[in-house]
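In what follows, a single structure is set out as structure tokens and then discussed.
The values are calculated or read from the model by the stated rules, or taken from the named source; none is laboratory data. Predicted model only: the values in this text are computed from it and were never measured. Don't worry about glycine lacking a Cβ; one is built from the backbone with ideal geometry, like all the others, and counts go over all protein chains shown.
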């Protein structure tokens, strides 16, 4: 190998050694002086921080700026070497990659600190490097024209060619990513994206790594293993291709390739030392973002005496201030000129493991992530993101004056690509927001399970096995967990149809309602558990607070919004204050949440299923009263529940015996026996997640007919007695339940069986909750209007009787309240309570017949 | 034989690096040695011996609770150093060490990066004084190291007075040779000097993050190398490891040049708070490189700690005595509870209760007791003192309005310092939590007060604490015995409420209780302590026959009056039956046991009903 090759390479390395072994300073100075000399040629140019002027005469500038700070393991030989050395990388155009031909010339290169801002420790020192470089040459000569980047097996030419081929040819007809919306799936995907870039002018090309892998596994491997070398190569390739196609486009800077979705996606916990300097994709939640840090890339010094200027690159956070001006030889005359130095934006982001990825009983891990340039401020605390980046480890230095080093590395990730996982939730298209991957075997087990005829019963009995029986309730909750199919009618102006099933459990205290709620809360990934007693309206919806750090107003979301796409379990629903309950109206039907406070007006999605539990007002359920009277909830709210179950003590001997057996077994069965008997909670979880993600059943013809019939039947029951017994809401509930049942079977079609079960369950729930205790009939108006038809009739009668009585008195403008009450009581044969009397008075007042002021009643 | 001599073997062995399996062998060796009888008592314990009496780089043990788990860190498992004079490259081992030797060649290709994790460990919160004392005494009996150090103490103080004025680094410089710890004299001066360089003002702003207020003792950063997944937060462990108190670790943020901080990206990653939390001075928070950790089933020093043959022999010998000890303890508790035998019975059952398993969300075996009708005027305080004398771990939470509003019960993640700020509910398993509701007065609970009460309610009903991670909550199951003392019925849920019915009304409560307490011999008390810890660990089963009987019984009871017995009552009675059997040393439920359980439950219920009607009659 020729000597010029080794010297600059060596110089770069030894410069890195400066802080460690100051003796190497001498070694470093000659080459670095040479570099300064070169730089001084364009030192007079106005300093453009991130875009050094492009000039065909200064390829070296481009080269160094693009790779200003990759790790100095000799991965990139400086271009001056390329020029002089007989060894060349691929085609000539690739060699001067910053400025190839035509249009590229006008477009400045932008630094990529994400690829090389942090230097890596394992560098090669001069002694060991020379022989190995020779070795590379030797092998190169042996294998013909196959030169690779030092330390890797990447050949720039081949790599570039492969990537260009990938860009030109890759087609993914089955793509359903939202990024590809509006693209022709049968045309090369990335060529269309390039076209998009030429139109929009945003010079960033996001590349899905799984595409690369399916196209060329070897290229993918190289990308993962040597991102720092391969991505710049990709950049070159894409720019050449782009400017060939669109020679006239003007971009802010050259296109940068941003790979994402490295298939080696891992959670934070599984990162290990082998991943250092590799490209990884991890998911997590942003917990802190720092302020913008201007990071100096290049310092600009000017001599105070002769105005001679020089630039010094920042090396591992340090600037080697030149002690002597080379022009006038004055010592210590150089001063740093801040506004001519080059800076780049940088931000520190702390990411925490998302709670779903964690083993129980451990605390979440955090990782530090650095975002550079335009990725700064892309994410906010609380965002759930997938990060693709390069994992780095830097040795700690305790004290510059000390030679001992703490034997610990600081690790961080230089981010290349952010992808918000919850971004889609804001857009409302979220069918596959849970990117939960199922292994083949898992899917197989789930499907096997689904094929069993009794899967519905199995699953429902696996639900909260510690709670005894209550089969129908468990089935209802099971259907709630699966949910209906989401339908979008927004084109026709009706908006989204609710797909979530809401369930209310009411009943005696101590019938393990809370336990069921707890179980559900633990089962679903996005569940929230609140207690009506302890939550306020803002706790459920959203509140505006001042961020202690930024002093900005931020919207903090409450339980309902947090459980978007999940289940919100509300215990002690009856103890909730009225104002709190009122926010539920919107959530439970429109599935949105409107907020107008502190200058923030917005509508948040809250597509949550509500599972609520309420206790009767009189501590014990009074079978002589209706549901509404027992739990004292407004009927407007009650009618929004698809299923209302009563959990009552059945009080029957056989039941008692089974219950006792169940409980005793609970207390002595060993863990293994329990495992055998019931489905694993994890299987159940996966089953639900799979069905929710992949199964979208639609009604078939017979099922629709069956539904229509069912609805007509329900209407008929009431019409015989002059009452309305079903409303469209009930029909919608039926549809949802039928769909959910089809989901349980993993079926894409809703069939008659599903409708039958939905009908049965709905009827059961109605039978329990909407039976008029006075007549014994099921009366839906108890739930929809809060009063049974008979009760309403009765109320009317009392009012009329009162009116008649007052009229019979003749012209008395004012009466005593108490006296009137006593009179009415004496007159009527049925017992009249004070409540009834007051209601009657109110009814008459509404008719503008009388007014009640204090203790006197006046006729109008 | 002294363990820390062994320890030195491991490092030279590593340096030669001839055998790649040396790591496994080292662990094997230590485990083998520690399994030997009594050998673990030769190792000095950080709990008992003040830090500055311990030799750096020696083997120590630490009985602790994992309070927080920090992020994993990468360290140089193997690195190469270059001797400046001879230019010779030497491979060195970085495992079980915090600091490298000087002259590290960062570019060496022989560097091996390895992973380890740091746990922040604190002494077991609420450990009763007697437990500490006994373990200290038993340790002092066998550890010779503590005896000789104090004799040198005086001299070392003189030495470091000089050192204080001169550069402390001077001391470290001759540390270059690998066996620096061979010189015992230097060792001793080093440790106290770091002690004095971190004077009291330093420790005051350094929050050691103990779960309970007023706790003392060393906190420790434990570096864990193996089996990371087997450890959980709040585990109680006995850790054997190499102590590291290198003063290099003590560099605090203060002396950092701010300009340097700005420019150096690796430094600016950490906020000063974070640095303080993660790199506290080694003199206050020593580092411990774990060789071996033993999960503790209990921290009762009177019981053999390891589940060995030793223990089973101990158990079987004690089982014989069990019934008699129980009778004595019952008598004792009856005196303490002012002659109320039933309450004493329940208190006894409560003290041996234990969450032995969980069925989905339901914890089984918990037995929260609410002693209502407690006399005021510091009776509860004395009662707590007596409970504290019996159980190895306990804490009394006085539920006054002020404490409920101001105290932090639930641990919270502090993202600025990146650590879990502890709260009073971060307790080890089987800790007795004594909630004193008699202290509660009228007034308003603010939002944090409501949250605290909710947390207590969750703890009692589900045996879990939801740690506050700001963006989400995380549920940590726990196993805490909660005893609530109150005047009327407690506002917190409980498994079982017993109104106290004092038979005697001593004129001077303090004196009365003190005399009862004094009347017990230590040996007697020790027996009680063993009894309570042991009864908790016994296995238990129900035969089919008894199952049938219980079922029949339940059906019969329901037949008479379905309202009288609910599923919840059956739950409770099954727990009572279980505890009752165990308290007598019986590991299966007998018919008698069931009848007894039913009987005392009936007594208790009639008493609560009585109470209710009494209250009902009040205007």
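This table checks each residue for (1) at pLDDT 75 or above; (2) more than 56 Å from the chain's Cα centre (by Cα).
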{"residue": "A:762", "(1), (2)": "yes, no"}
{"residue": "A:773", "(1), (2)": "no, no"}
{"residue": "A:782", "(1), (2)": "no, no"}
{"residue": "A:785", "(1), (2)": "no, no"}
{"residue": "A:788", "(1), (2)": "no, no"}
{"residue": "A:796", "(1), (2)": "yes, no"}
{"residue": "A:800", "(1), (2)": "yes, yes"}
{"residue": "A:822", "(1), (2)": "yes, yes"}
{"residue": "A:841", "(1), (2)": "yes, no"}
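The residues of the stretch B:83-118 that are buried (at least 17 other Cβ atoms within 10 Å of the Cβ), over 30 Å from residue A:362 (Cβ atoms) and modelled with pLDDT of 75 or more amount to a single one, B:92. Per the listing A:379, A:351, the residue uniquely assigned to a strand (DSSP E or B) and touching a residue at least 40 places away in the same chain (Cβ under 8 Å) is A:351. Of the residues making up the stretch B:49-72, those that are more than 14 Å from chain A (Cβ to nearest Cβ) and either in contact with a strand residue (DSSP E or B) (Cβ under 9 Å, 6 or more places away or on another chain) or more than 14 Å from residue B:132 (Cα to Cα) (or both) number 15. Assess whether residue B:477 counts as being within 12 Å of chain A (Cβ to nearest Cβ), at pLDDT 85 or above and touching a helix residue (DSSP H, G or I) at 6+ places or on another chain (Cβ under 9 Å). Against the criterion (within 12 Å of chain A (Cβ to nearest Cβ), at pLDDT 85 or above and touching a helix residue (DSSP H, G or I) at 6+ places or on another chain (Cβ under 9 Å)), residue B:477 qualifies.
Could you tell me whether residue B:248 is modelled with pLDDT of 60 or more and farther than 30 Å from residue B:35 by Cα? Even if it seems obvious, please write down each step before you answer.
Details: modelled with pLDDT of 60 or more: yes; farther than 30 Å from residue B:35 by Cα: yes.
Spelling it out, residue B:248 is indeed modelled with pLDDT of 60 or more and farther than 30 Å from residue B:35 by Cα.
Residues that are exposed (fewer than 15 other Cβ atoms within 10 Å of the Cβ), modelled with pLDDT under 70, on the phi < 0 side of the Ramachandran plot and within 13 Å of another protein chain (Cβ to nearest Cβ) occur in the stretch A:354-370; there is at least one. Determine whether residue B:486 is within 12 Å of another protein chain (Cβ to nearest Cβ), within 29 Å of residue B:568 (Cα to Cα) and crowded, with 18+ Cβ neighbours inside 10 Å. Judged against the criteria, residue B:486 is not a match. Residues that are modelled with pLDDT under 75 number at least 1 in the following strands (runs of 3 or more DSSP E) confined to the stretch A:446-515: A:487-489, A:495-497.
Test residue B:389 against the criterion of being under 30 Å from residue B:117 (Cβ atoms), away from chain A (no Cβ under 14 Å), surrounded by fewer than 22 Cβ atoms within 10 Å (Cβ to Cβ) and out of contact with any strand residue (DSSP E or B) (no Cβ under 8 Å at 6 or more places or on another chain), and give yes or no. First the steps, then the outcome.
Numbers: under 30 Å from residue B:117 (Cβ atoms): no; away from chain A (no Cβ under 14 Å): yes; surrounded by fewer than 22 Cβ atoms within 10 Å (Cβ to Cβ): yes; out of contact with any strand residue (DSSP E or B) (no Cβ under 8 Å at 6 or more places or on another chain): yes.
Against the criterion (under 30 Å from residue B:117 (Cβ atoms), away from chain A (no Cβ under 14 Å), surrounded by fewer than 22 Cβ atoms within 10 Å (Cβ to Cβ) and out of contact with any strand residue (DSSP E or B) (no Cβ under 8 Å at 6 or more places or on another chain)), residue B:389 does not qualify.
Looking across the stretch B:271-288, the residues that are closer than 25 Å to residue A:367 by Cα, surrounded by fewer than 21 Cβ atoms within 10 Å (Cβ to Cβ) and touching a residue at least 60 places away in the same chain (Cβ under 8 Å) come down to B:271, B:273, B:274, B:276, B:278.
Within the group A:320, A:307, which residue is more than 11 Å from chain B (Cβ to nearest Cβ), in a loop (DSSP other than H, G, I, E, B) and touching a strand residue (DSSP E or B) at 6+ places or on another chain (Cβ under 7 Å)? Steps first, answer last, please.
Values: A:307 fails: touching a strand residue (DSSP E or B) at 6+ places or on another chain (Cβ under 7 Å).
Exactly one of A:320, A:307 is more than 11 Å from chain B (Cβ to nearest Cβ), in a loop (DSSP other than H, G, I, E, B) and touching a strand residue (DSSP E or B) at 6+ places or on another chain (Cβ under 7 Å), namely A:320.
The residues of the stretch B:571-614 that are in contact (Cβ under 8 Å) with a residue 24 or more places away in the chain, away from chain A (no Cβ under 12 Å) and outside any helix (DSSP H, G or I), listed by number, are B:584, B:585, B:590. In the stretch B:438-454, the qualifying residues are those that are crowded, with 16+ Cβ neighbours inside 10 Å and within 11 Å of chain A (Cβ to nearest Cβ), and the one that is modelled with the highest pLDDT is B:453.
Can residue B:261 be described as modelled with pLDDT of 80 or more and either surrounded by fewer than 21 Cβ atoms within 10 Å (Cβ to Cβ) or within 14 Å of another protein chain (Cβ to nearest Cβ) (or both)? No, not satisfied.
For the stretch B:426-450, filtering for residues that are free of Cβ contacts under 8 Å to residues at least 60 places away in the same chain and within 24 Å of the chain's Cα centre (by Cα) leaves 4.
Apart from one condition, residue B:555 fits all of (1) within 14 Å of another protein chain (Cβ to nearest Cβ); (2) under 29 Å from the mean Cα position of the chain (by Cα); (3) in a helix (DSSP H, G or I); the exception is (2).
Conditions tested, residue by residue: (1) modelled with pLDDT of 75 or more; (2) within 11 Å of another protein chain (Cβ to nearest Cβ); (3) surrounded by 14 or more Cβ atoms within 10 Å (Cβ to Cβ); (4) part of a helix (DSSP H, G or I).
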{"residue": "A:623", "(1), (2), (3), (4)": "no, no, no, no"}
{"residue": "A:628", "(1), (2), (3), (4)": "no, no, yes, yes"}
{"residue": "A:645", "(1), (2), (3), (4)": "yes, no, yes, no"}
{"residue": "A:686", "(1), (2), (3), (4)": "yes, no, yes, yes"}
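Considering A:705, A:730, the condition of being in contact with a helix residue (DSSP H, G or I) (Cβ under 7 Å, 6 or more places away or on another chain), in a helix (DSSP H, G or I), modelled with pLDDT of 75 or more and over 29 Å from residue A:465 (Cβ atoms) is satisfied by A:730 alone.
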